[in-house]
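The block underneath contains the structure these notes are about, expressed in structure tokens.
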Amino acid sequence: MTAELSLRDEIQSVLQEFRSSLGAASTEKELNDLRVHALGKNGKLTGLSKRLGKLPADERKEAGQLVNQAKSEAERGIDEKRQHLAREALQAELDSEWLDVTLDSRGGAIGNLHPVTQIQNEIEDVFISMGFEVLDGPQVETDHYNFEALNIPADHPARDMQDTFYLEDGNLLRTHTSSIQVRGMTHLKPPFKIIGPGKAFRCERIDASHETSFHQLEGMMVDRDINLAHLIYFKQTLLSRIFGREQVTRLRPGYFPFVEPGLELDIQCQICVGKGCAVCKYSGWIELLPSGMVHPNVLRAGNIDPEEFSGFAFGLGLDRLVMMRYGIEDIRHLHRADLRFIEQFG
């Protein structure tokens with residue numbers, strides 16, 4: 001047996017022992033010990049390398065290749081095993097941990113209702129407690145429900161007060177939620193009490209208190225012998241419940257084609273406390289609750305006999321009510337979808 005064959009056998013024996021130890025290794029320490037045992041200064045494969053110089057010159061080259069191949073296999077095996085152990089350790093850690101430490105430690109943001117939605121819900125609760133029914137209606141309306149049935153014919157100058165978005169099919173974006181009242185009258189028989197909240201649209205010049213889309217809530221009560229005293233009672237009850245205290249208000253005559261007589265209820269501006277600011281146009285007052293006794297023509301449009309029944313109606317700007325309640329100085333804050341603003345009302 002030549003020295004080459006003897007060295008080849010020793011290399012295979014060392015590799016077989018290495019492979020067995022590598023398969024059994026389960027920790028980083030065991031891998032390091034195995035590296036030292038095979039490739040360290042006094043390792044078995046290192047010892048075989050030292051013996052190459054004693055071989056005959058014609059055998060030395062091939063024997064050297066065998067030793068280098070063995071070393072490469074040992075180094076590659078240890079590196080692959082180390083990566084395998086690292087993946088197993090990471091997976092075990094992920095499986096055992098109930099909290100992902102890479103998540104934002106502050107937690108995710110919890111959504112909340114928009115302040116207009118919140119106050120709409122509160123108002124609905126107030127009126128439901130007083131026997132009112134909540135109705136809804138389409139935002140795209142016909143001319144009949146938005147104008148004609150509300151005593152505003154095509155040639156009526158009041159249409160100029162409501163810059164309207166008309167659609168190609170002749171319909172329009174409702175300019176007020178009064179159309180919900182008309183739809184309610186055609187389906188309900190008196191006596192009834194209804195409110196109709198929703199969004200309305202007008203081609204307004206945008207400023208601190210006007211937007212092209214805004215939120216309203218209309219109310220109506222129809223029964224026998226209804227008068228202004230009933231109207232004033234419900235309006236005062238609403239304001240005291242929403243603000244939690246009596247408010248400084250004023251009543252003044254107002255013109256609306258669908259009521260006769262018509263009243264304007266103004267509330268003292270909560271931004272400037274009556275001193276005058278951009279929100280109240282420096283008057284100290286905010287128009288909040290236009291109202292009045294339902295015009296006989298409107299009752300007739302709803303198939304109700306004005307000789308037998310009477311009623312009151314009112315409109316409420318929800319955006320302005322939110323502004324007064326929370327001291328918001330610009331209506332545009334309510335429509336910009338700025339989470340920094342909305343989160344204050346969570």
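The values are calculated or read from the model by the stated rules, or taken from the named source; none is laboratory data. Just so you know, these numbers come straight off a predicted model, no measurement behind them. Note that we place each Cβ from the backbone using ideal geometry, even for glycine, and neighbour counts take in every protein chain shown.
Yes/no matrix, rows are residues, columns are (1) assigned to a helix (DSSP H, G or I); (2) at negative phi; (3) in contact with a helix residue (DSSP H, G or I) (Cβ under 9 Å, 6 or more places away or on another chain):
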position	(1), (2), (3)
Pro306	no, yes, yes
Asp319	yes, yes, yes
His333	yes, yes, yes
Ala337	no, no, no
Ile342	yes, yes, yes
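Cβ-Cβ contacts under 7 Å between residues 6 or more apart (or on different chains), taken from a first residue in region 296-322 that is within 16 Å of Gln181 (Cβ to Cβ) to a second residue that is of a type in the set (Lys, Arg) and not in a helix (DSSP H, G or I), are listed as Phe309/Arg224.
Of all residues in region 195-213, which are touching a residue at least 24 places away in the same chain (Cβ under 8 Å) and within 16 Å of Cys280 (Cα to Cα)? Ile206, Asp207, Ala208, Ser209, His210, Glu211 - these are the residues of region 195-213 that are touching a residue at least 24 places away in the same chain (Cβ under 8 Å) and within 16 Å of Cys280 (Cα to Cα).
Scanning region 146-191 for residues that are charged (D, E, K, R), surrounded by 13 or more Cβ atoms within 10 Å (Cβ to Cβ) and at pLDDT below 90 yields Arg159, Asp163.
Is there a residue in region 135-143 that is farther than 30 Å from Asp330 by Cα, at pLDDT 80 or above and in a helix (DSSP H, G or I)? The answer is yes, given that some residue of region 135-143 is farther than 30 Å from Asp330 by Cα, at pLDDT 80 or above and in a helix (DSSP H, G or I). Restricting attention to region 18-40, which residues are aliphatic (A, V, I, L, M), under 20 Å from Ala89 (Cα atoms) and in a helix (DSSP H, G or I)? Passing the criteria: Leu22, Ala24, Leu31, Leu34. Comparison of Ile304, Ile328, Ile267 shows that the only residue that is over 28 Å from Arg159 (Cα atoms), out of contact with any Asp or Glu (no Cβ under 7 Å at 6 or more places or on another chain) and among the hydrophobic types (A, V, I, L, M, F, W, C) is Ile328.
Against the definition (surrounded by fewer than 18 Cβ atoms within 10 Å (Cβ to Cβ), more than 25 Å from His144 (Cα to Cα) and assigned by TED's automatic domain parsing to the domain that holds Arg224), how does Gly254 come out, yes or no? When the stated conditions are applied, Gly254 does not pass them.
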